[in-house]
Each structure stands twice: as structure tokens, then as C-alpha cells.
Amino acid sequence: MPARRTRGFALACAVALVGCAQSASKSVNFSDATRNYRPSDYSSVYESWTRHAKLWQEVGTVIEAWATYKSWDFRQAYVSYYASIYDLSDSDRATLLRSQLEASRASHEFHVAVQMTTDKWNDLDRKNSPWRVTLLDASGGELGPTSIQAVKLPELYESQFYPSRTEFTRTYEISFARTGSGGQLFSGPASGRLVLRFASPAGRIELVWDSK
């Protein structure tokens, strides 16, 4: 297992007495800098913003997830790649870029592919789901999701833009408002860390993005 892991992640492994795996932490740049990405850059940018974690017991995989944080940096690479594949006009590309910028300023969004040994456990979008999904930052802030949607995307599209998917995964779009309860600002990327946590009675996993 990678040496670097969050305290909560390590505690979950110890308490649940299960196997835990987490992708090595890669530093990211949370800034709003403008990038001039080429379509060929998309793969490396996607890898930079995607995290993987797995929790298993004797019965098999409790949860395995690949989460891509749709940061402004990621979205710029996405627009470049999308515009190239679909041969967008300059006007349409500019419109898409504006919409992506607005989305990045409105919320923290994650594209998440999840698989579990038992399909009926894979119900993050249901109100009575045993899974609690939260977003944490380095300053101790914590947000609950404003939206968890199970989405069915065309296989050709998803395999090209989010290649972590498999025939066994279920895809979710998970959003968190950039302001917490009472209108208080969630420090989020400004704190230097984001942690996407999935917790249940069977244990938890945490996917971590640290700034450079």
C-alpha cells in the first residue's frame, strides 16, 4: 500500500479489519490559471485529476471507485479534446468553455465510476443508501453533496473521456456547493487539499487531491 494516506483512511482500514488500497497521491494545481491545452494533453491531465481507492473483505470488493475532480484545469483540457473530436467551430468551442468555467465556479463536481461485489449495494444516489458521501478540506471543513446522480452515458463517449469505467461500474455525477451551510465559504482547494469520502457500516474509502 502507498505510504501516503490520510489519517481517516488509515483508521478505517484498522477498525474494519479489511483490505484497503489507494492510488498514489499526485500533486495538482488548484489555481484558476488559463491553460493552452492541446487535444493530446487530455490523457495526462485526466490522470492527474483522477483518483482510485478500493475496500475489500473476504466476500469481495465492498467498494472500488475512480473519481475525477472536474477542476477548471481539467475542464480546459476536456474542452480542447471535446472540440477536437467533434470538430467544433470557434464559436461553439468558446460557448462550451464559458459553460465549463461557470460550472467550475458554481460547485465542486466529480465524475465517479463505482463497482461493488453486490450490485444492490451500489446505490449512492438513493435517499436510504447506507453510503454517506462527503467532501472535506485541509482546514476541517466538510460538505454534504447537493446532488448525486446516477447517469448512463454512451459507452463510446465515456470510454473516451473517462476510461476508468468498466462493464461492472456504475457512473455517478456528484456535486457539492462551494458555500457551506449558513453561507459560509468552504475553503476547499484554497486549503490545499480535497478529500472525497465514501463511508458505510462496512468501512470507508477516501480519494485525496493535494496541491503542489
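The values are calculated or read from the model by the stated rules, or taken from the named source; none is laboratory data. On a predicted model such as this, the values are computed, not experimentally measured, just so you know. Virtual Cβ from ideal backbone geometry, glycine too; neighbours counted across all protein chains shown.
Listed here are the residues, each with its yes/no results for (1) aromatic (Phe, Trp, Tyr); (2) out of contact with any Pro (no Cβ under 9 Å at 6 or more places or on another chain); (3) at pLDDT below 95; (4) more than 28 Å from residue 42 (Cβ to Cβ).
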{"position": "139", "(1), (2), (3), (4)": "no, yes, yes, yes"}
{"position": "148", "(1), (2), (3), (4)": "no, yes, no, no"}
{"position": "175", "(1), (2), (3), (4)": "no, no, no, no"}
{"position": "178", "(1), (2), (3), (4)": "no, yes, yes, no"}
{"position": "189", "(1), (2), (3), (4)": "no, yes, yes, no"}
{"position": "203", "(1), (2), (3), (4)": "no, yes, yes, yes"}
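The residues of the stretch 85-116 that are of a type in the set (Asp, Glu) and exposed (fewer than 12 other Cβ atoms within 10 Å of the Cβ), listed by number, are 87, 90, 102.
How many residues does the stretch 29-61 contain that are assigned to a strand (DSSP E or B), modelled with pLDDT under 95 and in contact with a strand residue (DSSP E or B) (Cβ under 8 Å, 6 or more places away or on another chain)?
Within the stretch 29-61, residues that are assigned to a strand (DSSP E or B), modelled with pLDDT under 95 and in contact with a strand residue (DSSP E or B) (Cβ under 8 Å, 6 or more places away or on another chain) number 3.
Remark: pairs (first residue in the stretch 114-130, within 19 Å of residue 146 (Cα to Cα) and without any contact (Cβ under 8 Å) to a residue 24 or more places away in the chain; second residue of a type in the set (Gly, Ala, Ser) and assigned to a loop (DSSP other than H, G, I, E, B); Cβ separation under 8 Å; 6+ apart in sequence or on different chains) = 123/129. For residue 110, indicate whether it is modelled with pLDDT of 95 or more and within 14 Å of residue 170 (Cα to Cα). Taking the combined requirement at face value, the residue satisfies it.
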